[in-house]
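Input: a single structure, listed below in structure tokens.
The values are calculated or read from the model by the stated rules, or taken from the named source; none is laboratory data. Just so you know, these numbers come straight off a predicted model, no measurement behind them. Cβ sites come from the backbone with ideal geometry, for glycine too, and all protein chains shown count toward neighbours.
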Amino acid sequence: MTKKIYIQFFLIIIFLIISLGLFFKYFKKSNLSSDLITGFEKPLTNESLIEDLKYSSTDKEGNEYKIEAKKGNIDKNDPDILYLENVDALISLNNSEFISISSKFAKYNTKNYDTLFNNSVSVDYGEHFLKSEFLDLSFEKNLVSIYDNVRYLGGISSLSADRAEIDILSKKTKIFMENSNKKVQINSKSKNGNN
């Protein structure tokens, strides 16, 4: 009888471990944003401080990416990572308008040029203007992910959402809420200025 109880107890423990693992992997909201804020907003030290930082790169298709910051610090654990303050970036794609990005902080990878912008992020693209708290620019995935309090202004409309994703190459945009029960808030202005 005790052997049967031990086996049942063991199976229950295994089930709980697997359930918790699945929960934390797929369902628990990430603490990424709070970790990033503390990482970005720590004061820059003088030992690896870089002022008036500028990086520029061009890919084989002729697309260009420039990033500038008032200050930057090299990550002690990974010299390819820079933590930047007062950041402005410019993406110039072939046969397309410029995409301008600015934020208070950014984490920049000098090897693959992927950049995570944080705190008062602004994106200006032609007649389109976006604001958010985070923007993840991935050249490896050709994707711009804008999230956390996304606000869009363009032409005669504005909207609020949790997340927007833009394919850099095709310019296709998805705007959505993290919770499927909530809806994207859209406001359109009539030509005479009324909503």
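Miscellaneous remarks
- Test: Lys107 is surrounded by fewer than 15 Cβ atoms within 10 Å (Cβ to Cβ) and of a type in the set (Lys, Arg): no
- Selected residue (criterion: modelled with the lowest pLDDT) from residues of the range 182-194 that are of a type in the set (Lys, Arg) and surrounded by 10 or more Cβ atoms within 10 Å (Cβ to Cβ): Lys189
- Answer from Lys141, Lys71, Lys104 - the residue that is in contact with a Leu (Cβ under 9 Å, 6 or more places away or on another chain) and basic (Lys, Arg): Lys71
- Residue match in the range 76-87 (condition: surrounded by fewer than 20 Cβ atoms within 10 Å (Cβ to Cβ), on the phi > 0 side of the Ramachandran plot, at pLDDT 90 or above and among the polar types (S, T, N, Q)): yes
- In the set (1) part of a loop (DSSP other than H, G, I, E, B); (2) surrounded by 12 or more Cβ atoms within 10 Å (Cβ to Cβ); (3) modelled with pLDDT of 85 or more; (4) more than 16 Å from the chain's Cα centre (by Cα), the condition left unmet by Tyr113 is number (4).
- Within the range 60-110, the set of residues being among the acidic types (Asp, Glu) and within 17 Å of the chain's Cα centre (by Cα) comprises Glu85, Asp88.
- Criterion applied to Ser30, Ser96 was being surrounded by 14 or more Cβ atoms within 10 Å (Cβ to Cβ) and at pLDDT below 80, and the one residue passing it is Ser96.
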